[in-house]
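The values are calculated or read from the model by the stated rules, or taken from the named source; none is laboratory data. Remember, it's a predicted structure, so these values are computed and weren't measured experimentally. Here the Cβ is made from the backbone with ideal geometry for all residues, glycine too, and neighbour counts use every protein chain on show. The accessibility values were calculated without ligands, DNA or RNA, using every heavy atom of the protein model including side chains. Shrake-Rupley method; radii C 1.70, N 1.55, O 1.52, S 1.80 Å.
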Amino acid sequence: MHIPDGFIPFPQYLVYWLIALVALYFSMQWAGRDLKERQIPLFAVLAAGIFAIQAMNIPIPWGTSGHMVGAALVAIIFASPWAAVLLLSIVLILQGLIFGDGGITALGANIFNIGVIGGFTGYYLFRALRSAGEIPAVIVASWASIFLAAIACAVEMWIAGTFPLVQGLWMMGLYHAVIGLIEAAITVVVVLAIQSSRPDLFSLRDWGKKSAEVLSK
């Protein structure tokens with residue numbers, strides 16, 4: 001899903017850069033206001049873990065590449081899509097500058113797809129489905145976050161004139177529909193691990209209560 005340099009022409013990539021900069025501004029506002037000191041080590045650990053899993057790229061015909069994202073996981077744990085925007089932006093900047101994974105001109109688009117779309121989809125879908133149980137909501141939200149980010153990437157490539165729309169949607173959608181299952185499984189494992197060891201690190205104050213309510217019925 002990392003878009004390299006040259007796939008998005010000027011001035012289209014400026015539009016994505018503008019969106020990314022605005023999103024980064026609000027994510028920094030979130031960090032200054034809501035990120036607790038006790039959560040900073042977890043934030044750093046998640047950044048390192050997401051950096052590692054995103055390094056496992058799968059080439060996709062009529063697409064860019066496929067890999068896991070982690071945006072929904074971050075947004076759910078910190079109870080804000082802005083947390084995902086901030087963390088994924090840091091990861092994407094390091095990947096682009098140091099490892100050449102994703103282009104600098106396309107960095108705005110990558111932040112928009114992976115951080116903004118992934119984070120907002122994951123968080124608000126989780127909130128919408130949470131009444132049915134937290135773990136089912138986590139599964140659906142994490143899967144949908146990566147799938148919709150991939151679809152957005154395919155549409156952007158079509159707008160840029162890089163890939164045909166139908167083939168891009170099919171390939172990006174199909175690959176990430178499968179990758180999304182792995183992402184959902186990893187997200188659940190991480191959420192349950194934190195829930196069992198450090199539930200105080202969840203920003204949602206009533207974390208665990210919804211699942212208890214569902215099981216008691």
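Around residue 64, which amide H atoms from residues at least 5 apart in sequence, or from another chain, sit under 5 Å from its own amide H, with H modelled in the peptide plane?
none
Between residue 182 and residue 132, what length in nm is gained on full extension when 0.36 nm per residue of separation is reduced by their alpha carbon distance?
Net length gain for the segment: 15.8 nm.
Suppose all protein chains stay in the model; what accessible area per residue would a 1.4 Å probe give for the stretch 121-161, in Å²?
Value for the stretch 121-161: 38 Å² per residue.
Kyte-Doolittle cut-off -1.0, length cut-off 30 Å along the helix's own axis using Cα: show which whole DSSP H helices in the chain pass.
Going by DSSP H runs, the hits are 12-34, 134-159, 165-197.
Going highest first, how would you order 158-168, 33-43, 177-187 by mean Cβ packing within 10 Å?
Answer by packing, highest mean first, reads 177-187, 158-168, 33-43.
Pop out the carbon and sulfur fraction of the accessible area of the stretch 66-111 as a percent, whole number, probe 1.4 Å.
77 percent
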